[in-house]
Amino acid sequence: MNAASNSTAQTAEAFLPPGLVWPQRHLLGIEGLTAAEINAVLDLADIYVEQNRRPDKRSTELRGRTIMNLFFEDSTRTRTSFELAGKRLGADVLNMSVSTSSVKKGETLLDTAMTLNAMNPDFLVVRHAESGAPKLLADKVNCSVINAGDGTHEHPTQALLDALSIRRRKGRLEGLTVAICGDILHSRVARSNIHLLGVMGAQVRVVGPPTLIPSAIDRMGVDVFTDMDRGLKDVDIVMMLRLQNERMAGKFVPSLREYFRFHGLTAERLAVAKPDALIMHPGPMNRGVEIDSEVADDIGRSLILDQVEFGVAVRMACLRLLATTRGNA
Amino acid sequence: MTLAAFTNARLLDPATGRDEIGTLIVGGGKIAAIGSHAKVPPSARLVDCTGLCLAPGLVDMRVALGEPGEEQRETILSASRSAAAGGITAFAMLPNTTPVIDDIAGLEFIARRAREAKLVKIFAYGAITRGAAGQQLAEMGLLAEAGAVGFTDGLSAVSDALVMRRALSYAKGFGRVIVQHPEEPSLAAGGQMNEGEIATRLGLSGIPRAAEIIMLERDLRLVELTGARYHAAHLSTAEGVELIREAKNRGLPVTCDVAPPYFALTEVDVGDYRTFAKLSPPLRTDNDRRAIIAGIADGTVDAIASDHAPQDQDAKRVPFASAVPGVVGLETLLPIALELYHKGAVGLLDLLARMTIGPAEILGLPLGRLAVGAAADLVIFDLDRPWVVDAGAFRSKSKNSPFDKRPVAGAVAMTVVDGRIVHQQS
């Protein structure tokens, strides 16, 4: 180990609050993380944002480590972000795309994981269409598992990058009012954000058609709105969610145009929010379905490109902290 | 004739209310004498039961097997051994095998395999509909003649109201009960666990309690219409218990059962995606759990069945949504049920009634009682002996128990079927 990586290792640990050891071997969800832990990720990510803006973006903190991206569900954006994050920390990154269509899912999942585990990776970054799949893997493998989105459960790095985007623009999370809008029922992004924003002291609202609001969501500490104009009133942040096309056409909502009419984000609708309200979207956007192009492209108000940029930094911070925990940094 | 005398036993017979220390004499596979004054013939082989309870062998009215078709999960022989170890001397198996038991050939196969296993008494339900597909009536008359103890589509509900109405009317003619899995399938579609906060947090699709309530309410109307005997299996909700209670008060010929997971566990036990806590119907809330216990205590619940559903590792070591629901239960039926007695929630005779005379009467079987002349089907157990459930040691081929490692009190010492010892605690 050379001097440079030694000093960066200390830098990473310096962002853990005094007396606190990063306790997680895996990052399976936001639920259960403390505000101190979340701040540690965000503080470290701030440093990586700067690193990522330099011409030489690469450090050696995770040199020699192996990261396997195991994506059972297509996702160019998240996979690329993790890939860059790993590479910028000097790790070897391998991408595995696994099709689930032809084989029995369960067998593929555990068998594939055990096969990969035998190659001694340090991290498995897992995306899977079923809630709880990363947890199942985490119980079986001996490396760190990072949940890159599981079913309708959690997408922790998305919530962390959302938090970083907000914090860098607003300077804080505490006391802000955030409206998460759209298909809450099927959204892992919404769940992770509800946990994170709640822990950090923000007021969270969920706004959407009643058929896309999950049962008992109010028990997660949010206020529920089915009327978008009321839901957006005086909010600081409008977080739009993607509406999957297959959920249109009569199953959950009657039609695309009806959805846009009542739940699409337009400039008029945004007018009821605070004048400096910011707009977020985890991407990819359905322009004209959940969000109007005029709003999405307003660089003064839209955080959408920040989210993409900071996603890499947040994932670097997560990898780095998990590596610290494993005791062989 | 060889005689056996079970002496100094605490004789427990829910059918007559007998609870006394005494002797039970068995001869020719039947109960020859019983009571505190029963004379022990000098030729009798003595089995000293000091400190032990002796009750009618348990009758389990809801057991799923893997034979025919999925023998890696459970065979008739492995289930028989498992039942015997659990103090169960008779069980009724669901027709959801491969193929479905919807004709007499299927029933005859089961009967032959049960004779070969020669451990416990195995009865079978016939399917209500062909292939248990919910469309065309199965040959209920022929199935009844061939020994079907009742009719059920087992794991799936008969969802079509007209089919259900005709099934009830038709089965009535043959004096058999219709057993329903009371769950409205369209409302439960895609559901993985009880709908509510926990499902929402875990990102799992919920099954609302209304799925059970709606189906029960509909079925009770059809029972009024037809006058047929109806049995609701494995109730999971407080409202479900209340509906049956009201129906009984109105004089409708309805009965119901529950399974140990529904009074010992709740949706909280799903925890972090524990597939062994995935059941159909799903585990519900603590309020439901308590209502079910109250139903057992006041007799609204007629039977406690194991709802034994063996699943192999491939069916359970997968993400929660892909996991097949169901848990094994033959070897934990008695100790988990006895928790209700030990907690003081249900009297011992009442509790045993739900596992003996209760289900026997629903199925019209002359079992589940300690009466002279009745088959000597007995369970002898230590009411208080503590032990820890070890799923790995189950006789069942499948180990999918949510009760693994659970400390329990009450252990089977010996199981007797027709006077033969089919299980003995080593």
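A few comments on the model shown:
- Percent of C-alpha pairs per 20 Å bin in chain B, short distances first: 28, 60, 12, 0.
- Per-residue shielding of A:127-135, expressed as the average number of other chain Cβ atoms within 10 Å of the residue Cβ, stands at 6.
- Sorted from longest to shortest, the spans of the Cα atoms of the stretch A:198-241 along the three principal axes equal 28, 23, 17 Å.
- Counting only alpha carbon atoms, the long axis of helix B:210-226 and the longest principal axis of chain B meet at about 70°.
- Nonlocal amide H pairs with A:L27, under 5 Å, H built at 1.01 Å: A:V145, A:I146, A:N147
- q = 0.22, 0.24 Å⁻¹, the stretch B:68-157: log10 I(q)/I(0) [Debye, one scatterer per Cα]: -1.05, -1.19
- Rounded to the nearest whole Hz, the Karplus-based 3J(HN,Hα) values (6.51 cos²θ - 1.76 cosθ + 1.60, θ = phi - 60°) of the stretch B:51-60 follow the sequence x, 10, 8, 10, 9, x, x, 5, 10, 9, with x at glycine and proline.
- Average Cα contact separation per residue, the stretch B:1-105, under 8 Å, 6 or more apart, as relative contact order %: 24 percent
- When the P(r) of chain A is calculated, the portion above 38 Å amounts to 14% of the C-alpha pairs.
- Where both bridge residues fall in the stretch B:20-92, DSSP classifies roughly 60% of the beta bridges as antiparallel.
- Summing Cβ point charges (Lys, Arg +1; Asp, Glu -1) relative to the Cα centre of chain B gives a dipole of roughly 800 debye.
- From the alpha carbon centroid of the stretch A:18-86 to that of the stretch B:65-118 is 54 Å.
- Placing unit charges on each Cβ (+1 for Lys and Arg, -1 for Asp and Glu) gives the stretch B:42-94 a dipole about its Cα centre, and among B:G87, B:T75, B:L52 the Cα reaching farthest toward its positive end belongs to B:L52.
- Cα-only radius of gyration and Dmax that characterise the stretch B:1-50, units Å: 10.4, 30
- Given +1 at the Cβ of Lys and Arg, -1 at the Cβ of Asp and Glu and no other charges, the dipole of the protein assembly as shown around its Cα centre is 880 debye to the nearest 20.
- Put in order of Cβ neighbour count within 10 Å, fewest first, the listed residues A:H186, A:H263, B:H342 become B:H342, A:H186, A:H263.
- Take the Kirkwood radius over Cα pairs of the stretch A:137-176, plug it into Stokes-Einstein at 20 °C and 1.002 mPa s, and you get 176 µm²/s for translational diffusion.
- Signed unit charges on C-beta, dipole axis of chain A, positive-most listed residue A:I217, A:P121, A:G288: A:P121
- Centre-to-centre, using Cα atoms only, the stretch B:339-354 and the stretch B:408-426 are separated by 20 Å.
- Peptide ranges B:62-74, B:252-264, B:382-394, A:164-176 listed from the most packed, as the mean C-beta count within 10 angstrom indicates: B:252-264, B:62-74, A:164-176, B:382-394
- To the nearest ten degrees, helix A:35-53 and the longest principal axis of the Cα atoms of chain A are 80 degrees apart.
- In percent, rounded to a whole number, the relative contact order of chain B is 19, using alpha-carbon pairs under 8 Å and six or more apart.
- When Rg and Dmax are taken over the Cα atoms of the stretch B:136-260, they come to 15.3, 51 Å.
- In terms of overall dimensions, the C-alpha atoms belonging to the stretch B:142-195 reach 41, 21, 13 Å along their principal axes, ordered largest to smallest.
- Across B:K121/B:K399; A:K57/A:K140; A:K135/B:K397; A:K135/B:K405; B:K30/B:K397, pairs whose alpha-carbon gap is larger than 29 Å: A:K57/A:K140; B:K30/B:K397
- For chain A, averaging the sequence separation of C-alpha pairs within contact (under 8 Å, six or more residues apart) and dividing by the residue count gives a relative contact order of 20 percent.
- Percent of beta bridges antiparallel (DSSP, the protein assembly as shown, rounded to nearest 5): 35 percent
- Taking the charge dipole of chain A about its Cα centre, with +1 at Lys and Arg Cβ atoms and -1 at Asp and Glu Cβ atoms, the residue from A:G208, A:L160, A:P275 reaching farthest to the positive side is A:L160.
- A prolate overall shape is assigned to the stretch B:164-232, the ratio a/c of its alpha-carbon gyration tensor axes (a ≥ b ≥ c) being 1.5 or greater and a/b exceeding b/c.
- Rg/Rh for the stretch B:323-426 stands at 0.98; both radii use Cα atoms, and Rh follows the Kirkwood definition.
- To the nearest ten degrees, helix B:104-117 and the longest principal axis of the Cα atoms of chain B are 40 degrees apart.
- Shape of the stretch B:341-391, Cα gyration tensor, a/c cut at 1.5: prolate
- Taking every DSSP beta bridge that has both ends in chain A, the antiparallel portion is near 5%.
- P(r) tail, the stretch B:1-123: Cα-Cα pairs separated by more than 21 Å, 50% of all pairs.
- Separation between Cα centres of the stretch A:132-168 and the stretch B:143-218, rounded to whole Å: 37 Å
- The average projected area of the stretch A:93-210, computed from the convex hull of its Cα atoms over all directions, is 9.0 nm².
- Whole-Hz couplings from phi, Karplus 6.51/-1.76/1.60, listed for the stretch B:81-90; x for Gly and Pro: 5, 5, 4, 4, 5, x, x, 8, 9, 8
- Descending Cα extents along the principal axes, the protein assembly as shown, whole Å: 100, 60, 45
- Legend: mean number of C-beta atoms from other chains within 10 angstrom of residue C-beta atoms, peptide B:193-201, equals 5.
- Value in Å of the Kirkwood radius, where the stretch A:22-177 supplies the Cα pairs that are averaged: 16.5 Å
All of the numbers you see were taken from the coordinates with simple rules; none came from a lab. Since we're looking at a predicted model, the values are computed, not measured. Using ideal geometry, Cβ is built from the backbone for each residue, glycine included, and neighbour counts are taken over all protein chains shown.
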